[in-house]
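Read-outs throughout are calculated quantities, based only on the coordinates presented, and are distinct from any laboratory measurement. The shown structure was predicted, so the numbers you read here are calculated from the model rather than taken from an experiment. Cβ atoms come from the backbone with ideal geometry, glycine included; neighbour counts cover every protein chain shown.
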Amino acid sequence: MTCKRSREIDIDCFDAGQLVCQTCDRLISVLDTSPFSSWIDKEVDRKRDLQASGQLKTRIQTNLQDDQEIDRDGLHAEIAACLVLCPHRLLDWQNAATSNQNNRGGDLPSDWTGLSKPIEIKFTRYFSSKLGYLLVRPPSGQGKAMKPDFIDDAYYLLLTRQQGMMQVLGWIDRTEFLARKKIDPVGRSAAQVECWGVLWRDLIGLSRLERSRCTNFLKLDTELGR
């Protein structure tokens, strides 16, 4: 947010359309998703039950995080992106999240957001001048090598958490991802699959993301930090 202001919102009052700051005319880029923590914790526990019964595979690619942390971070990021781009579809997103269906390349479908491409949401815990990559790995069951075909025709959004708030760092589409990617930018052991990634500084700013025809303008009236 360029205006450094905030407010509490009631998502039930929004119609179709993105959340845009009335003051700076930019998409909302910083959100507090902690009110959804209880729902997220229940969903994380449900996934562990599925994993224990063999219905869900592990997502671990590093010994720095376990499946619970990966799922929790991802769900917070997806909720934040849904609130920014299609808050009226939050219940639909929650239903999709609990359906166990594969939505790779389409966390937020085009008919939800009104954009020309679906939205794929990524999260990074590590954010500095040299850290914070939007990473893409091969689909499950497709081997260890990355291929261009594994990059979807979607808008990829990268989020992180700063001071307890979810923040959108930027986005990129398939063409620009393939042009700017680095191979295994965070390293890779022999047991890990290949990974392609783009550093957050090489992503495109949220202000340049396609705008939907419908918009919810928010009047933000409290300076952040007060």
Open item on the list: Less than 16 Å from a label point 7 Å out along the Cα-to-Cβ axis of SER189: which backbone N atoms in region 63-104 qualify, by residue?
Closed with: 63-67
Task: Between helix 67-85 and the chain: long-axis angle, C-alpha atoms, 0 to 90°, nearest 10 - done: 40 degrees
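Express the relative contact order of the chain as a whole percentage, based on alpha carbon pairs under 8 Å and six or more residues apart in sequence.
Result for the chain is 28 percent.
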Task: Low-density loop positions, trypsin sites (Lys or Arg not before Pro), region 136-207 - DSSP coil, at most 13 other Cβ in 10 Å - done: LYS144
TODO: Treat each spin label as a single point 7 Å out from the Cα along the C-beta direction, and report the ASP153 to ASP67 distance in nm.
DONE: 3.4 nm
- [ ] Could you state the angle between the C-alpha long axis of helix 37-52 and the longest principal axis of the C-alpha atoms of the chain, as a value from 0 to 90 degrees rounded to the nearest 10?
- [x] 20 degrees
Task: Exposure proxy order (Cβ contacts within 10 Å, fewest to most) of CYS86, CYS24 - done: CYS24, CYS86
TODO: With 20 Å as the limit, write out which pairs from LYS117/LYS219; LYS47/LYS117; LYS122/LYS147; LYS144/LYS182; LYS42/LYS144; LYS42/LYS117 have Cα-Cα distances beyond it, or answer none.
DONE: LYS117/LYS219; LYS47/LYS117; LYS42/LYS144; LYS42/LYS117
Task: Full-extension gain in nm, THR98 to ARG46, via 0.36 nm per residue minus C-alpha separation - done: 17.8 nm
